[in-house]
Structures are given as structure tokens and as C-alpha cells.
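Take a look at the structure set out below.
The values are calculated or read from the model by the stated rules, or taken from the named source; none is laboratory data. These numbers were taken from a predicted model, which means no experiment stands behind them. Every residue, glycine as well, gets a Cβ built from its backbone with ideal geometry; the counts of neighbours run over all protein chains shown.
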Amino acid sequence: MPKRIICAIIFALSFILSSAINANAQSDTIKLSSDPDFYAITLKKDIPTAEKIMKELLPYKDTKTTGDLMVMAAKKLLGNPYVAGTLEEGDSEDVRVYLSKTDCIIFVETCMNLALTVKKYGKDADFEKLCQMVRQSRYRNGMVRCYSDRIHYTTEWIRQGEKRGILEDITLKCGGQVYDHPIFFMTKNYKKYKHLKDADVENKDCCSNDEEQETCTINQATKDYRTIARVEKELNSQPYTYIPQDKIKANEKSIKSGDIIGYMSTTDGLDIAHVAIAYWRKDGKLGFIHASMGKMKVVVDEKTIAEYANASKYINGIKVIRVK
């Protein structure tokens, strides 16, 4: 049989298998809610996984810190696959809560909310309460109406967490300094985002503030673009901090297991390139647990935090966030 025919058959079989996997993933997606004003989308297998983890965290609710519980939750998710773009599924903006597929920020956010749900609800912690916690951390003021309600910049995610009293940016306390790195990546590169690419950025009609959104006649992409532009302006109005690469090692003793590490991006306009959970390893070195794009799964990285930051030309330092 000619080689090109064999290649065509292999390609066809691969396509069919991929389609079947995607179809199964779609059919397994369910909506979960007992509240008519709120629902979350998940996979059936993720519900018992989350509730099992929370049950295992429960005995340590009052004896361990939230950060310690985050590390415990993270270890339960080791090996889960890295999957990019899960929050971009579908055409509508929905609260999607996945444990069996994740990217770096979803992994950290999930571990944080598993710990916080147990801390807040104790034995009454369940998957639906976890979903409510995710909604509050992932969306601006907990509102889920459109794409721009979702918090896209990690810097805003941190600052909203500080306003809610659940996060503390301790970067300066850990030897950090002010960093001049304006945020504008999404509006400059809006054509790369499927929910923004149709924005009419030259249109000056209405929608100058949130109150005008309801009556505005411009398309949703333009509304979302303008909201994100306002967010960028607000983020840039406050000081931005980081610990430079060459100062991480000298200040790492200020970092605890369970702290959230934001690896600072060197890309113009982008704030944070990657996030992870700090973890003091048994060998006495400050490592981290993360959803690794390189390994395509959740791992305890072989590098230390300082080594990882210094190994990439796309990273020039870190932020340190503590969960209260």
C-alpha cells in the first residue's frame, strides 16, 4: 500500500478518535444548580473528586493554614492534564469548574477555593458551594453576564481578592520593589481574542461607563473591549511590584508553602506569565506545584522558584500572594 494512502488512513483515524473524545467530553458536561439565578458547568467526574478532596481537608480545617490546605489539595491533583482554553468553551460566559483538566491559573484558583470552601463551610462544604466560591474569585464583583465580567489579568484577580479580604500581596514584604510595567496586552492584541476580535475600536458612540451598557447599540465585542480598556487604565493607576530575578533567592525565606507565586512577564503590556503554588520541599529547597505547559500536567516542578524564574527569557521576577 502506498505510503501516502497509509498516512491518509492514519490521519483519518486520528481525526475520528479526536472527534469522539471531544464529543464524549461535551456530552459529559452538566449544569449544576439549586439556585435559579446561578449555575455552573462541570464534568460529572469532577464533582466527586472535589468533594472527596474537601472531605480529606476537613479534619485539618482548624489546625492548618489556608496555604497548607492548598498544598494538600494541589497534591491530590498531581498528574491531571494541562488543557488550555477551557474557559473559552461555548459562546456564552458561564462559570466553568473543572478539576480533571486545567491550566495554571485555574489550577491555583481551584486549590485556593477548595481550601477556602472547607474553611468557610466545614462539614457542609460541597461542590455547589465550591462553584459559588469560584464565581466570587473569578468574576468582577461576582457578576457573570459577559466576557468582560471575567477577570482576565492576574493583577486584577489579586487586587479583587485583597478587597474581599482573602488575599494579601506581600511582595514588598518579601524584598520586592516598584516595577514600571504598564498593562495593555489585551486591548493592543484584541484581534487574538475570539470575544474581542469583532470590536469596533474606532466607534465613539455611548458605552462610556457601565450604566450605559444596557442601552448601547454597539456590539458586545465593543462593549467588552471598552470594559477591559477601563480595567487596564485602573490597574495602571496603582503601583505595580515584583521581586527581581536576582533577589528571589536572598528573600525566599519570607515565602511559605501555599503562597501564590506570580511569575512576572517580560512581554510588553502583559502582567503575569504564569502562576504556581509555593512548596517547601523535603530537601529544604523552595519549589512549587503548578499546571505545567511543558509537562502538560500538574507537577511538583524539579526546579526551585528562583531557578524557574532565571531559566526563562519571558520571566524577570515574581510576585508573592498569601491567602488569608
Failed condition for Thr187, given (1) closer than 22 Å to Asp224 by Cα; (2) touching a Gly at 6+ places or on another chain (Cβ under 6 Å); (3) buried (at least 17 other Cβ atoms within 10 Å of the Cβ): (2)
Residue check for Leu130: in the same structural domain as Ser92 (by TED's automatic domain parsing), of a type in the set (A, V, I, L, M) and either surrounded by fewer than 16 Cβ atoms within 10 Å (Cβ to Cβ) or farther than 21 Å from Thr227 by Cα (or both): yes
Cross-chain or 6+ apart pairs with Cβ under 8 Å, the stretch 309-321 first and free of Cβ contacts under 8 Å to residues at least 60 places away in the same chain, then surrounded by 23 or more Cβ atoms within 10 Å (Cβ to Cβ): Ser312/Tyr263
Selected residue (only one of Tyr263, Tyr308 is more than 18 Å from the chain's Cα centre (by Cα) and hydroxyl-bearing (Ser, Thr, Tyr)): Tyr308
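With respect to Ile106, is the statement that it is hydrophobic (A, V, I, L, M, F, W, C) and in contact with a strand residue (DSSP E or B) (Cβ under 7 Å, 6 or more places away or on another chain) true?
Considered against the rule, which asks whether it is hydrophobic (A, V, I, L, M, F, W, C) and in contact with a strand residue (DSSP E or B) (Cβ under 7 Å, 6 or more places away or on another chain), Ile106 comes out as no.
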Members of the stretch 28-65 found to be assigned to a helix (DSSP H, G or I), within 23 Å of the chain's Cα centre (by Cα) and in contact (Cβ under 8 Å) with a residue 40 or more places away in the chain, listed by number: Asp46, Ile47, Thr49, Ala50, Glu51, Ile53, Met54, Leu57
Pair list, Cβ under 6 Å, 6 or more apart: the stretch 128-152 residue under 23 Å from Asp271 (Cβ atoms), other residue among the hydroxyl-bearing types (Ser, Thr, Tyr) and buried (at least 17 other Cβ atoms within 10 Å of the Cβ): Ser148/Thr227; Asp149/Tyr139; Arg150/Tyr139
All positions within the stretch 270-286 that are in contact with a strand residue (DSSP E or B) (Cβ under 6 Å, 6 or more places away or on another chain) and either crowded, with 24+ Cβ neighbours inside 10 Å or touching a residue at least 60 places away in the same chain (Cβ under 8 Å) (or both): Asp271, Ile272, His274, Val275, Ala276, Ile277, Ala278, Tyr279
Selected residue (criterion: surrounded by the most Cβ atoms within 10 Å (Cβ to Cβ)) from residues of the stretch 138-149 that are of a type outside the set (A, V, I, L, M, F, W, C) and in contact with a helix residue (DSSP H, G or I) (Cβ under 6 Å, 6 or more places away or on another chain): Ser148
Close pairs from the stretch 246-258: first over 10 Å from Val320 (Cβ atoms), partner of a type in the set (D, E, K, R) and at pLDDT 95 or above, Cβ under 6 Å, at least 6 apart: Gly258/Asp68
Tyr179 surrounded by fewer than 21 Cβ atoms within 10 Å (Cβ to Cβ), closer than 26 Å to Tyr225 by Cα and within 14 Å of the chain's Cα centre (by Cα): no
Of all residues in the stretch 66-89 being in contact (Cβ under 8 Å) with a residue 40 or more places away in the chain and of a type in the set (Gly, Ala, Ser), the one that is surrounded by the fewest Cβ atoms within 10 Å (Cβ to Cβ): Gly79
Residue in the stretch 4-14 that is modelled with pLDDT under 95 and exposed (fewer than 10 other Cβ atoms within 10 Å of the Cβ) present: yes
Residue ID - surrounded by the fewest Cβ atoms within 10 Å (Cβ to Cβ), chosen from residues in the stretch 107-126 that are under 12 Å from the mean Cα position of the chain (by Cα) and under 14 Å from Asp46 (Cα atoms): Phe107
